[in-house]
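Peer 1: Pasting a structure below so you can have a look.
The values are calculated or read from the model by the stated rules, or taken from the named source; none is laboratory data. Predicted model only: the values in this text are computed from it and were never measured. Here the Cβ positions follow ideal geometry from the backbone for every residue, glycine too, while neighbour counts run over all protein chains shown.
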Amino acid sequence: MSALKAAPSKKRTRRRESESTPKYPLPQFRPFQLCTLTDDIPVGADWLFEMKFDGYRAQVAMSGADVVVYTRNGHDWTRQFKVILPPLQALTRGSALIDGEIVAIDSQGRTNFSMLKTGIAAGMPLKFYASDLLELNGEDLSTLPLLERKERLAELLGERDPDDSLQFSSHIADNGKKVFDTMCAGGHEGIIAKRADSRYVGDRTASWLKIKCTKRQEFVIGGYRPSDAGRGVASLILGTYENGKLIYRGRVGTGFTEAMRKSILAQLEKRPLDKSAFVSVPRDIARRARWVKPELVAEVTYSEVTPDGSLRHPSFEGMREDKRADQVVMEMPKTVVTTATANLDPAMGKEIARAVGVTLTHPNKLMYPGTEVTKATLAAYYAAVAEKMLPHIQDRPLSLVRDTDGDLRQTFFQKHKLPGMPKAIHDGQLEKMSGKESRILWVDDLAGLIGGVQMNVLEFHVWGSLRQLPDLPHRIIFDIDPDEGLGFGDVKQAAIDIRGVLEALGLQSWPLLSGGKGVHVVVPLVPEADWEAVKNFCQDFAELLARTDPSRFVANMSKARRKGRMFIDYLRNGQGATAICPWSTRARSGASCAVPVPWDELPTFKSASAFDVFAAAAWAQEPDAWDGYFEVEQTLTDRMRKAVQ
């Protein structure tokens, strides 16, 4: 991070605050000012140039020791970014609203977005680079010139130790081309150019610009996506060769002129292919693709390669006729993984466990016979999925399924604390609706998940309520449990039909591949109805299905009555009952996992155990399959209850 340093006219010294500094209310979140992308570097002393960080844009609101961290969308991520809080909590007795970027810094001194995602889940050291001051002690500073806002920010921060998680985002006036060249030569993402006299307006403007450093190389064209607007090419599907196999590297859909699109389409249409030449392509890409013989080569610029091996911010530069397609390889110093599976490095698992304070004994112990999944592999897996899994497990009472002998034959449930448990697995007590006291376990971070790995936990099962609100469930689960003779196609159709009935009642739902035989249809709720009301509704719903479609469904768990049918298990919707947590591994051969999927892709899966840990870790890096799950607000109404009775 030493490539860009401002040279202040005088040493920054924090202004001492009076012991009687009044208490100011916590500043409110404001829309961020955004940068306009350009290739042209502005010239003149009225422009300030900063490093472009590769991290999470954040606003920090503080009033004394009360600190809230907001994301670009205004979400409160204070818990996720707790590692940066200590210096912020001690910064001022007054109030402030600071704009900046949260980053992880790699061994080369560069900000690294991929490392940041892992760092958030693992609680690794992060830094907050403060770049603007929008409010101070109740005073709105947004109308002041940027340079004056930055001077006041520098005074507020004072001199910071280089190891401090709070830093000032320095700038240089003028010399933009020199700053840009320095950033690119150092492997950084680029620069931000800001007018020194600009106000903070909370929108995308031409007074703030971003200029990116990019990488550039050739890629094989293995297919394309037709234009939705008519005849033409929307994007090219790209790949490179690795050990003689064509590996998917993403799509490029920008940088073309209309003439280019027509010319390229003419060349592609001469090379049709019935099946994809790629080893693997994401399902949503393959569904709308037209495949071609991998003979054409395109030159593409891009900013970086993501952990799953795809290009970030690609742009088409032109066709290359001087290089054979089979000679095109990824010009990277290290091997990247494909989208089909993730590389769960046991060595990284050990490091992550150590970083979160868990010592893995026997890290090389094989956890699933016939696989390469060790205890350290599972630690790496939970680090990869933690961002998606933690919202489903944090502060929920747990039941743990532990293995005793390493062959999956002797497992047992644990609901209470036993000697030797890691501290990251918490224990406590709550009172049930019956009035009885109950001892519980819960976790709230990646350390808790890896603590479970250390205890040979192969399954995390969760209550349908938070420990803080144990009497009010926040979700319903219908577990579709098929008779032995039924195929997975029957289960998928049943889930789709149940979704339809729920929608008719006014309830949205999401499907979970259980990692075993069935599908869970999950319905989030605003926690208002108590357990008795929710369980009664679920039982009535299951019995309604059994009455109206008795050839397929039963609401009785008896194996004899289930012959050739599916049991709609509503019993998981009682207080103290648990269900497998999304993203949890299963105590089943093959290291399968319980994985959320979208409704439109459910029909494409061939089994409920379609994901092992490697495939699930890769799936977790894709856009959220349960988009909207935590945002939907729905309750059980009297109309719904009466409709199923």
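Peer 1: Please list, ordered by residue number, the strands (runs of 3 or more DSSP E) wholly in the range 204-264 having 3 or more residues that are under 30 Å from Trp47 (Cβ atoms) and in the same structural domain as Lys194 (by TED's automatic domain parsing).
Peer 2: Of the strands (runs of 3 or more DSSP E) lying wholly inside the range 204-264, those with at least 3 residues that are under 30 Å from Trp47 (Cβ atoms) and in the same structural domain as Lys194 (by TED's automatic domain parsing) span 204-212.
Peer 1: Regarding Asp99, is this residue touching a Gly at 6+ places or on another chain (Cβ under 8 Å) and at pLDDT 90 or above?
Peer 2: Criteria not met by Asp99.
Peer 1: Let me ask another. Return the residue satisfying two criteria in turn: it lies in the range 236-253 and is under 26 Å from the mean Cα position of the chain (by Cα) and among the charged types (D, E, K, R), and of such residues it is surrounded by the most Cβ atoms within 10 Å (Cβ to Cβ).
Peer 2: In this case the residue turns out to be Arg249.
Peer 1: Still on this structure, I have one more. Residues of the range 602-617 being buried (at least 18 other Cβ atoms within 10 Å of the Cβ) and either assigned by TED's automatic domain parsing to the domain that holds Glu372 or outside any helix (DSSP H, G or I) (or both), which ones?
Peer 2: Listed by number, the residues that qualify are Phe605, Ala608, Ser609, Ala610, Phe611, Asp612.
Peer 1: Would you confirm whether any residue within the range 543-551 is part of a loop (DSSP other than H, G, I, E, B) and either touching a strand residue (DSSP E or B) at 6+ places or on another chain (Cβ under 7 Å) or surrounded by 13 or more Cβ atoms within 10 Å (Cβ to Cβ) (or both)?
Peer 2: Yes: one or more hits.
Residues checked against (1) surrounded by fewer than 20 Cβ atoms within 10 Å (Cβ to Cβ); (2) under 30 Å from Lys417 (Cβ atoms); (3) within 28 Å of the chain's Cα centre (by Cα):
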site: Met455; (1), (2), (3): yes, yes, yes
site: Leu458; (1), (2), (3): no, yes, yes
site: Val462; (1), (2), (3): no, yes, yes
site: Gly485; (1), (2), (3): yes, no, no
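Okay, residues lined up against (1) closer than 25 Å to Asp54 by Cβ; (2) at pLDDT below 95; (3) part of a helix (DSSP H, G or I):
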{"residue": "Asp274", "(1), (2), (3)": "no, yes, no"}
{"residue": "Ser280", "(1), (2), (3)": "no, yes, no"}
{"residue": "Pro294", "(1), (2), (3)": "no, no, no"}
{"residue": "Val300", "(1), (2), (3)": "yes, yes, no"}
{"residue": "Gly309", "(1), (2), (3)": "yes, yes, no"}
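Peer 1: Here is a list: Arg57, Arg93, Arg79. Which entry is modelled with pLDDT under 95 and closer than 21 Å to Ser303 by Cβ?
Peer 2: Just a single option satisfies the conditions, and that option is Arg57.
Peer 1: Okay, next question. Please work out if Lys293 is without any contact (Cβ under 8 Å) to a residue 12 or more places away in the chain and of a type in the set (Lys, Arg). Steps first, answer last, please.
Peer 2: Details: without any contact (Cβ under 8 Å) to a residue 12 or more places away in the chain: no; of a type in the set (Lys, Arg): yes.
Taking the combined requirement at face value, the residue does not satisfy it.
Peer 1: Something else: Please work out which one of (1) modelled with pLDDT under 95; (2) in a loop (DSSP other than H, G, I, E, B) is the condition Ile568 fails and give its number.
Peer 2: Of everything listed in (1) modelled with pLDDT under 95; (2) in a loop (DSSP other than H, G, I, E, B), Ile568 misses just condition (2).
Peer 1: Okay, next question. Which one is farthest from the chain's Cα centre (by Cα), of the residues in the range 360-403 that are in a loop (DSSP other than H, G, I, E, B) and within 20 Å of Trp442 (Cβ to Cβ)?
Peer 2: Selected residue: Pro397.
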